[in-house]
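Asker: The structure's right below; bear with me while I get my questions together.
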Amino acid sequence: FLLVNLQNDSIALNHEEQQRIHSWLQQLPCPSIAIGVKHSLLSAFDVVVSATHDLNVLIAQIESKPIAAMTLVQVLRTTMTVPAVQALHLESLAYATLQGGPEFRDWSSANPPKSAVITDPGPPLLVERTDNDLHVRLNRPSRRNAISVEMRDALTEVFQLIATDPSLQHISISGNGACFSVGGDVDEFGVASDSASAHVIRSIRLPAKYLLPCADRVTFHVHSACIGAGIEIPAFGRHISAARNAFFQLPEIRFGLIPGAGGCVSIPRRIGRQRTAYMALTAKKINATTALDWGLIDAIVD
């Protein structure tokens, strides 16, 4: 990584000099970190921090998973500059690359896939229609509404339904149980036969792909844990309300991965690439008050 302290920098740069530095940083094959709160160059960096504690956590995670960290910032530099559908393709290709890499392989070897035991009755989604309203609830509370293959496919199907039925004008999505969703089911991580095939599956069955065309009609209400896909998918929605106990986290770097449920596309469109990179590189939990201040959510509902 490149670390630059801009706190006490008083050197004045003209526009051409700023542009050259910005262009160089965009081509840098590693994360760039700036320390400071006000400087003409801050927007050029991948991450900006002001607190030493944040910096220590950031550096520790980057040094632990340098390939994933590099891939993340390279993806985030691009996803805001292309249409969302193409950006999802880029995210999936980068995710597939990391699935075949040494960092995820090491994590997967220490955490082999398990057989999930589902004890909740009924389908993974409870769907109820009233006139032009559709109410959807994630229904695997014993699994903390993890986005398993079963849940992924159910979300894909319901978003396909919404996208093809314009009479559905108001769609609300929430979760049963103790939390909205802990994100991708880690018990299923590594079950794909190879990373290329995993990219094929995401190209066909990624819920975010089918949410995009109808996102302006979809609202989410979340509570407690909203981890990984548990915030990556809602971030596409028109409106997110959150209970005061909600918290948000992108932990994928710990597995040697990047957000892969659309978070490299949806979240920077809400909070910018620097804060997205901060969330993903530190894997820190963000509380509801901070999320509201950043624009990650739209309201806190007690």
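Asker: Restricting the search to region 148-183, which residues are among the aliphatic types (A, V, I, L, M) and open to solvent by less than 30 Å² (accessible area, probe 1.4 Å)?
Answerer: Matches in region 148-183: 151, 154, 155, 158, 162, 168, 171, 173.
Asker: For region 251-287, which residues satisfy the criterion of being in contact with a strand residue (DSSP E or B) (Cβ under 8 Å, 6 or more places away or on another chain) and not charged (D, E, K, R)?
Answerer: Correct list: 251, 260, 261, 274, 277, 278, 279, 281, 283, 286, 287.
Asker: Residue pairs, Cβ under 9 Å, 6 or more apart or interchain, first in region 80-108 and touching a residue at least 40 places away in the same chain (Cβ under 8 Å), second acidic (Asp, Glu) and open to solvent by less than 30 Å² (accessible area, probe 1.4 Å). List them.
Answerer: Matching pairs, first to second residue: 95/252; 98/252.
Asker: Only one residue in 49, 57 is under 14 Å from residue 253 (Cα atoms) and modelled with pLDDT under 95. Which one?
Answerer: Values: 49 fails: under 14 Å from residue 253 (Cα atoms).
On inspection, the qualifying residue turns out to be 57.
Asker: Still on this structure: Which residues, taken from region 138-164, are without any contact (Cβ under 8 Å) to a residue 60 or more places away in the chain and either outside any helix (DSSP H, G or I) or of a type in the set (Ser, Thr, Tyr) (or both)?
Answerer: Residues satisfying the conditions are 138, 139, 140, 142, 146, 148, 156, 164.
Asker: Only one of 77, 20 is within 24 Å of residue 199 (Cβ to Cβ), out of contact with any Cys (no Cβ under 6 Å at 6 or more places or on another chain) and either touching a residue at least 12 places away in the same chain (Cβ under 8 Å) or not polar (S, T, N, Q) (or both); which?
Answerer: Matching residue, one of 77, 20: 77.
A quick yes/no check of all residues on (1) over 15 Å from the mean Cα position of the chain (by Cα); (2) surrounded by 13 or more Cβ atoms within 10 Å (Cβ to Cβ); (3) at pLDDT 95 or above; (4) among the charged types (D, E, K, R):
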position	(1), (2), (3), (4)
64	yes, yes, yes, no
92	no, yes, yes, no
95	no, yes, yes, no
102	yes, no, yes, no
130	yes, no, yes, no
136	yes, yes, yes, no
141	yes, yes, yes, no
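Asker: Based on what the data block shows, is residue 167 among the polar types (S, T, N, Q) and in a strand (DSSP E or B)?
Answerer: Criteria not met by residue 167.
The values are calculated or read from the model by the stated rules, or taken from the named source; none is laboratory data. As the structure is a prediction and not an experimental result, all values here were calculated from the model. Note that each Cβ is placed from the backbone with ideal geometry, even for glycine, and that neighbours are counted across all protein chains shown. Protein only, heavy atoms only, side chains kept; ligands, DNA and RNA dropped before computing areas. Shrake-Rupley method; radii C 1.70, N 1.55, O 1.52, S 1.80 Å.
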